[in-house]
1. I need a count of the residues in segment 180-195 that are of a type in the set (S, T, N, Q) and either out of contact with any Ser or Thr (no Cβ under 9 Å at 6 or more places or on another chain) or in contact (Cβ under 8 Å) with a residue 40 or more places away in the chain (or both).
2. Return the only residue of D13, D73, D38 being among the charged types (D, E, K, R) and in contact (Cβ under 8 Å) with a residue 40 or more places away in the chain.
3. Pull up segment 115-143, narrow it to residues that are touching a residue at least 60 places away in the same chain (Cβ under 8 Å) and closer than 24 Å to T78 by Cβ, then point me to the one that is surrounded by the most Cβ atoms within 10 Å (Cβ to Cβ).
4. Pairs needed: first member in segment 155-172, more than 17 Å from M137 (Cα to Cα); second member anywhere, not in a helix (DSSP H, G or I); C-beta distance under 7 Å; at least 6 residues apart or different chains.
5. Please list, ordered by first then second residue, the pairs with beta carbon atoms under 9 Å, 6 or more apart or interchain, first in segment 88-114 and in contact (Cβ under 8 Å) with a residue 60 or more places away in the chain and aliphatic (A, V, I, L, M), second assigned to a loop (DSSP other than H, G, I, E, B) and surrounded by 16 or more Cβ atoms within 10 Å (Cβ to Cβ).
6. Considering every residue within segment 93-102, establish whether at least one is of a type in the set (G, A, S), surrounded by fewer than 15 Cβ atoms within 10 Å (Cβ to Cβ) and under 21 Å from M137 (Cα atoms).
7. Would it be correct to say that S198 is touching a residue at least 60 places away in the same chain (Cβ under 8 Å), buried (at least 16 other Cβ atoms within 10 Å of the Cβ) and among the polar types (S, T, N, Q)?
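The values are calculated or read from the model by the stated rules, or taken from the named source; none is laboratory data. None of these values were measured; they are calculated from a predicted model. Counting neighbours? That spans all protein chains shown, and the Cβs are built from the backbone with ideal geometry, glycine included.
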Amino acid sequence: MSTLIAPSILAADFANLQRDSEMLNSSEADWFHIDIMDGVFVPNISFGMPVLKAIAKHAKKPLDVHLMIVNPDQYITTFAELNSEILTVHYEACNHLHRTIQKIKSCNMKAGVALNPHTPINVLESIIQDIDLVCVMSVNPGFGGQSFIRETYLKVKELKAMIEKKGCPTLIEIDGGVTNKNAKQLIKSGADVLVAGSFIFGNDNPNKTISGLKNI
């Protein structure tokens, strides 16, 4: 499987979301990565349901929704109704992770679990076979444009080994500070999905930048 590219809408031009969505539709991007932040779980607030609904109206590719919020369970049904295909919750925000994963899947979405940089991989060992995607945060969540944490490479290798040992098809997604400078090593370490925001939308030619990441 070739590496999947999921541009982060957080770095798009909020005044021109239709334009940027159409650009992604015509690009080699595979998913729309959408960060939902509540200002409580992370020290920032991003867009909520009305903006996601607007993006979904124009997006022709799967919506990869990343919840950086407290009490994610109470919104799972809502995000399913907004056509989210993948719904990722943070391990650190879930008191009953297995129940949360089951609820996401019962709403016909793929279930993702995100790990903050300080959270070790082994917390997922007993549940990895139930997870469709693990989002490894390679920056501290909350703000775009941060520097990549180099310890991520080892974390990805450890996670890949766990997945292979269990024999499950779980995908590994990397979120934070991804550029053409670290993409190759991330893929070599075991990454399946690369999220990039500032690197794509801050470039003069986002379409070409996506193509460059896709073909590394």
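1. Going residue by residue through segment 180-195, those that are of a type in the set (S, T, N, Q) are 180, 182, 185, 189.
Next, only the ones that are either out of contact with any Ser or Thr (no Cβ under 9 Å at 6 or more places or on another chain) or in contact (Cβ under 8 Å) with a residue 40 or more places away in the chain (or both) stay: 185.
Qualifying residue count for the region: 1.
2. On the way: D73 fails: in contact (Cβ under 8 Å) with a residue 40 or more places away in the chain; D38 fails: in contact (Cβ under 8 Å) with a residue 40 or more places away in the chain.
Answer to the check: D13.
3. Just the residues of segment 115-143 that are touching a residue at least 60 places away in the same chain (Cβ under 8 Å), to begin with: 133, 135, 141-143.
Applying the additional criterion that residues be closer than 24 Å to T78 by Cβ yields 133, 135, 141-142.
Numbers: L133: 21, C135: 28, P141: 22, G142: 17.
The residue in question is C135.
4. Note: pairs meeting the criteria are M162/E125; I163/T170.
5. These pairs meet every condition: A114/P141.
6. So in segment 93-102, the residues of a type in the set (G, A, S) come out as 93.
This time we only want the ones that are surrounded by fewer than 15 Cβ atoms within 10 Å (Cβ to Cβ), so: none.
For segment 93-102, residues of a type in the set (G, A, S), surrounded by fewer than 15 Cβ atoms within 10 Å (Cβ to Cβ) and under 21 Å from M137 (Cα atoms): absent.
7. Values: touching a residue at least 60 places away in the same chain (Cβ under 8 Å): yes; buried (at least 16 other Cβ atoms within 10 Å of the Cβ): yes; among the polar types (S, T, N, Q): yes.
Yes, satisfied.
To keep it simple, each residue is scored yes or no on (1) modelled with pLDDT of 95 or more; (2) in contact with a strand residue (DSSP E or B) (Cβ under 7 Å, 6 or more places away or on another chain).
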residue: A111; (1), (2): yes, yes
residue: F143; (1), (2): no, no
residue: K157; (1), (2): yes, no
residue: C168; (1), (2): yes, no
residue: D175; (1), (2): yes, yes
residue: K181; (1), (2): yes, no
residue: D192; (1), (2): yes, yes
residue: S198; (1), (2): no, no
